[in-house]
There are 2 protein chains.
Amino acid sequence: MNYDQVIADTVKTNNSKIVLLVMDGVGDIRHPKFGNKTPLEYAHTPNLDQLAMTSAVGRSIPILPGITPGSGPGHIGIFGYDPLVHTIGRGILEAVGIGFEIKSGDVATRCNFASMNDHGIITDRRAGRIPTETTMELCNILREIKEIDGVEIIIEPGKGHRFVTVFRSKSNELGALINDTDPLNEGKAPLDAKGQNESSQFLAHVVNQFIQKGFALLKDKRPANAFLMRGFSSKPKIPSMLDKYLLESAAIASYPMYRGIASLLGMHLLPAPDSIENLFKSYVECRQKYDFFFIHVKGTDQAGEDGDFEAKVSCIEKVDQALPILLEHKPDVLAITGDHSSPCAMRSHSWHPVPTLIHSEFCDVDDVRAFHESACNTGSLGFFESKYLMGLLLSNAKRLDKFGA
Amino acid sequence: MNYDQVIADTVKTNNSKIVLLVMDGVGDIRHPKFGNKTPLEYAHTPNLDQLAMTSAVGRSIPILPGITPGSGPGHIGIFGYDPLVHTIGRGILEAVGIGFEIKSGDVATRCNFASMNDHGIITDRRAGRIPTETTMELCNILREIKEIDGVEIIIEPGKGHRFVTVFRSKSNELGALINDTDPLNEGKAPLDAKGQNESSQFLAHVVNQFIQKGFALLKDKRPANAFLMRGFSSKPKIPSMLDKYLLESAAIASYPMYRGIASLLGMHLLPAPDSIENLFKSYVECRQKYDFFFIHVKGTDQAGEDGDFEAKVSCIEKVDQALPILLEHKPDVLAITGDHSSPCAMRSHSWHPVPTLIHSEFCDVDDVRAFHESACNTGSLGFFESKYLMGLLLSNAKRLDKFGA
């Protein structure tokens, strides 16, 4: 018996409401230029600190110690799906990240416009990083190719030189075990697509025709007269939050990537608000309709990746100021965490465990006076893999029976 | 996907240097006769404490909670090899422990000289614990048996009544699925060797002939007129540190056991220095040549096993005094830990989690003022299985890409 089976065996419903507030990349490390404090320590957060005084705290480990997660595995984990089991392909993540609604059976790839010389050799894998507007024009040209061998071809521009191609078929199973066509180094020709099984061979044949036709259409469009395809993948077979936890779930998030991941897990997508205050108000308005609310704050991660300590502090303070909106209509269980840390000093995601707080009637109360990294080191949640967070939320919501007699 | 695959998927190289300083058996428990302090608390360690103030600390669990490791699993774990997957046979550990260079295909066993009566019954499994010198003489006698059925027989004396026999063949595969010949109780005859598969049956046949010929040679050598063989094992198939982590690795250790384990993992063995100061100087001299340095201090474990609190304190203080040698040529990542605890009050290895420190530019800094057990309880590394230590070191060295997009 494994953890998922224990959850399946013990989960039940009631009328409780659970809110999981994800401050993306909120975890950080102490910064010598800011009094050797982390942004959570440095920020003025009376509401968060007050909440911490009546909560259980700890630190969650996104994947396993020392592993830095991307946004996909980071989020998959906090929703209780083992990120080493439920891997989401890069093509799917890219499609989801630009707001494309992936259907079961679709195969998605992320594509780069590239430059190719007369001998078919790639001279620039990013086509001189052409602007998004040019990519939109070029995608419109490629959209002339609507279908090959009964497979529908859907093209969506992304940022800069990137776009997504989705293959969809009503009649054929489309396999995604197909190599990247990107030769990874300039000075080489794009690779042919090859499938590792029958359904992938079928799609690889379609892909090669698409490339041939596409290159013909782009012939005079230097520097973007070619494209490279990577991360062929299908929509993952993953149980919904409803099936797994019996939770009617809703996502309140403004960024396509997180809306997309939520949608892969069967969450309802609520309208995308434009401020932290409105994220919380959206919960208040819809709180009768769902059991579980995923609220996503992007600013903390963005500031971390920009190395902007003060912006991160400011985003944390905005969350703190808006917190009373949530607390006035307090859910039965309120959890605050991040999908990973994004230390300003590193300007990137990191492996550092994420400060985490769970507040409920029976959460227990720790000896902490504030919500930040070192306070959470000593909390009663300890250090735990984030894939166990949902189990903790369900038990705090009294939605898990005891295991065994 | 498992942890090893995540590491393989994300590992990359750069110019960083990593030093892993292992103070063998350094962890301890509070001792009523020494102010209720552990040796790390009791020792005067200004340099270690200063380092702890700018480091991340925690406690590593050698195998799993409550499990006391031997030196083999203890070390295998801190190098990131799951000690429950990569078990090293006792014969191999014994051979390695006396500095014997095991080759692929060798089968090694650890052997005891024993006393046997005229009826072939073992009367003393340790031959009255004969001294090492006698064992050396007896081994020279056994060395008359150089080869049986094309299998070379190599005999190396160990400490006291112990020796190692290694079987080596150019023409035959030698299986190691062979039972111990030690009947485990006095009053019984030695057991015949039996193989569990074809290649082991072949070697068992050789072993039985070796025992017969050996006993004939020892006939008049009472009390040591027989020997018992245990732990038949082959060199484990284990990926090297270079293959697993892309790290050119070197071991700075003076005891054969640790040099042997390092060599099984493909580490280069640097000359064995005679003092802690010289261990550290050896790193300084060779630091340009390797990426990763394993420095092994034995004194802490020895003192623990001797129950000598003051000797353990003294060894810790010697490490502290020599530490500036390391710090003057500070590696990008410096970790200090043990392979297990060896509490003086227990005079043995133990299961207690091991104080661990990681210092790097991005390690994060905890609320601790000293390096010892209870300080480490509150650190940002938390309590973690030691098999994850290498992942933490690699990520601190920026040698791991993020996992997933």
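The values are calculated or read from the model by the stated rules, or taken from the named source; none is laboratory data. None of these values were measured; they are calculated from a predicted model. As a convention, Cβ positions derive from the backbone with ideal geometry for all residues, glycine included, and neighbour counts pool all protein chains shown.
Assuming residue A:367 fulfils every condition listed in (1) surrounded by fewer than 24 Cβ atoms within 10 Å (Cβ to Cβ); (2) touching a residue at least 40 places away in the same chain (Cβ under 8 Å) apart from one, which condition is it?
(2)
May I ask you to list the residues in region B:192-219 that are aliphatic (A, V, I, L, M) and loosely packed, with under 15 Cβ neighbours inside 10 Å? Give the derivation first.
Of the residues in region B:192-219, the ones aliphatic (A, V, I, L, M) are B:193, B:203-204, B:206-207, B:211, B:216-218.
Matches in region B:192-219: B:216 only.
Please work out which one of (1) touching a strand residue (DSSP E or B) at 6+ places or on another chain (Cβ under 7 Å); (2) on the phi > 0 side of the Ramachandran plot is the condition residue B:80 fails and give its number.
The failed condition is (1).
Quick one: is residue B:385 over 23 Å from residue B:13 (Cβ atoms) and modelled with pLDDT of 95 or more?
Answer is yes for this residue.
Can residue B:178 be described as farther than 19 Å from residue B:231 by Cα, of a type outside the set (S, T, N, Q) and in contact with a helix residue (DSSP H, G or I) (Cβ under 9 Å, 6 or more places away or on another chain)?
no
Report, by residue number, each residue of region A:64-85 that is in a loop (DSSP other than H, G, I, E, B), facing another protein chain (nearest Cβ under 10 Å) and either in contact (Cβ under 8 Å) with a residue 40 or more places away in the chain or among the small types (Gly, Ala, Ser) (or both).
Let us first name the residues in region A:64-85 that are in a loop (DSSP other than H, G, I, E, B), namely A:64-68, A:70, A:79-85.
Then keep just the ones that are facing another protein chain (nearest Cβ under 10 Å); that gives A:64-68, A:70, A:82-85.
Answer for region A:64-85, where residues must be in a loop (DSSP other than H, G, I, E, B), facing another protein chain (nearest Cβ under 10 Å) and either in contact (Cβ under 8 Å) with a residue 40 or more places away in the chain or among the small types (Gly, Ala, Ser) (or both): A:64, A:65, A:66, A:67, A:68, A:70, A:82, A:83.
Could you grab me the full set of residues in region B:211-242 that are of a type in the set (Gly, Ala, Ser) and free of Cβ contacts under 8 Å to residues at least 60 places away in the same chain?
Pass one, region B:211-242, residues of a type in the set (Gly, Ala, Ser): B:214, B:216, B:224, B:226, B:231, B:233-234, B:240.
Within region B:211-242, B:216, B:240 qualify.
Just wondering, is there one or more residues in region A:281-289 that are among the aliphatic types (A, V, I, L, M) and more than 15 Å from residue A:22 (Cβ to Cβ)? Before you say what the answer is, go through the steps one by one.
Going residue by residue through region A:281-289, those that are among the aliphatic types (A, V, I, L, M) are A:284.
Now restrict to residues that are more than 15 Å from residue A:22 (Cβ to Cβ): A:284.
Yes, some residue in region A:281-289 is among the aliphatic types (A, V, I, L, M) and more than 15 Å from residue A:22 (Cβ to Cβ).
Taking into account only those residues within region A:37-63 that are assigned to a strand (DSSP E or B) and not polar (S, T, N, Q), which is farthest from residue A:342 (Cα to Cα)? Step through it out loud before you land on a result.
Keep residues of region A:37-63 that are assigned to a strand (DSSP E or B), which gives A:37, A:56-61.
Pick out the ones that are also not polar (S, T, N, Q) and you get A:37, A:56-59, A:61.
On the way: A:37: 15, A:56: 23, A:57: 19, A:58: 18, A:59: 14, A:61: 13 Å.
The selected residue is A:56.
Filter region B:278-293 for residues that are in a loop (DSSP other than H, G, I, E, B) and under 12 Å from residue B:249 (Cβ atoms) and give the result.
Applying the first criterion (in a loop (DSSP other than H, G, I, E, B)) to region B:278-293 yields B:287-291.
Selection gives B:289, B:290, B:291.
Let's see how each residue does on (1) touching a Ser or Thr at 6+ places or on another chain (Cβ under 6 Å); (2) under 30 Å from residue A:379 (Cα atoms):
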| position | (1), (2) |
| --- | --- |
| A:49 | no, yes |
| A:67 | no, yes |
| A:71 | no, yes |
| A:80 | no, yes |
| A:89 | yes, no |
| A:109 | yes, no |
| A:116 | no, no |
| A:120 | no, no |
| A:143 | no, no |
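Kindly indicate whether any position in region A:97-105 is within 12 Å of chain B (Cβ to nearest Cβ) and either part of a strand (DSSP E or B) or not charged (D, E, K, R) (or both). I'd like the intermediate steps shown before the answer.
Applying the first criterion (within 12 Å of chain B (Cβ to nearest Cβ)) to region A:97-105 yields A:97.
Filter once more, so that each one left must be either part of a strand (DSSP E or B) or not charged (D, E, K, R) (or both): A:97.
Yes, because at least one residue in region A:97-105 is within 12 Å of chain B (Cβ to nearest Cβ) and either part of a strand (DSSP E or B) or not charged (D, E, K, R) (or both).
Among the residues of region B:220-250, which ones are assigned to a loop (DSSP other than H, G, I, E, B), touching a Phe, Trp or Tyr at 6+ places or on another chain (Cβ under 6 Å) and either outside the structural domain of residue B:296 (by TED's automatic domain parsing) or surrounded by fewer than 20 Cβ atoms within 10 Å (Cβ to Cβ) (or both)?
Listed by number, the residues that qualify are B:224, B:248.
When region B:16-58 is examined, which residues are found to be without any contact (Cβ under 8 Å) to a residue 12 or more places away in the chain, among the polar types (S, T, N, Q) and farther than 18 Å from residue B:317 by Cα?
Listed by number, the list holds a single entry, B:36.
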